[in-house]
């Protein structure tokens with residue numbers, strides 16, 4: 001987190017993830033003057049995961065500049081779910097919790113309709129003639 005780039009908020013965030021092959025991948029937040037394009041630490045960690053060979057996240061800890069556990073935002077919880085699954089462990093201020101607990105009823109790859117499943121959509125969801 002010491003390499004976090006937070007010149008605007010001064011709120012540095014660091015994250016470490018344990019991968020199923022034993023590697024540890026890191027990330028930090030990167031702010032931008034155009035606030036909407038800032039990157040959360042978890043985004044950098046997921047990028048590092050794939051840049052260094054992929055795999056599945058087993059456990060993740062996200063902390064602030066003082067080392068206190070942080071709950072990832074909704075977007076980052078979705079990234080963690082996609083790359084770790086429901087059993088991935090997450091350090092939170094209230095202890096270790098699974099992704100299933102912090103993102104119940106998560107949206108995942110199984111929820112995406114295949115190209116041929118467009119006709120299976122509910123009325124009002126597209127696919128009507």
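Throughout, read-outs are computed from the coordinates displayed, never taken from laboratory work. For clarity, every value in this text was computed on a predicted model and none was experimentally measured. FYI the Cβ positions are ideal-geometry reconstructions off the backbone, even for glycines, and counts take in every protein chain you see.
Could you calculate, for region 20-82, the ratio of the Cα radius of gyration to the Kirkwood radius, expressed as Rg to Rh?
Using Cα coordinates only, the ratio equals 0.97.
FRET efficiency for the residue 94 to residue 56 pair, using the beta carbon distance and R₀ = 30 Å, is estimated at 0.80. Of the candidates 34, 16, 59, which one comes out as most mobile in a Gaussian network treatment of the chain with C-alpha springs shorter than 10 Å? Evaluated over the chain, the most mobile residue of the options is 34. Compared with the dominant Cα axis of the chain, that is its longest principal axis, helix 74-84 is turned about 80°. With respect to the chain, whose longest principal axis is taken over its alpha-carbon atoms, helix 41-51 is tilted by about 70°.
For the chain, the Kirkwood hydrodynamic radius from C-alpha pairs, put into Stokes-Einstein at 4 °C and a viscosity of 1.567 mPa s, yields a diffusion coefficient of 81 µm² per second. If the chain linking residue 9 and residue 66 were pulled fully straight, counting 0.36 nm for each residue of separation and taking away their Cα-Cα distance, it would gain 19.0 nm.
With the simple spin-label model, which puts each label point 7 Å out from Cα in the Cβ direction, the residue 38 to residue 20 separation comes to 3.3 nm.
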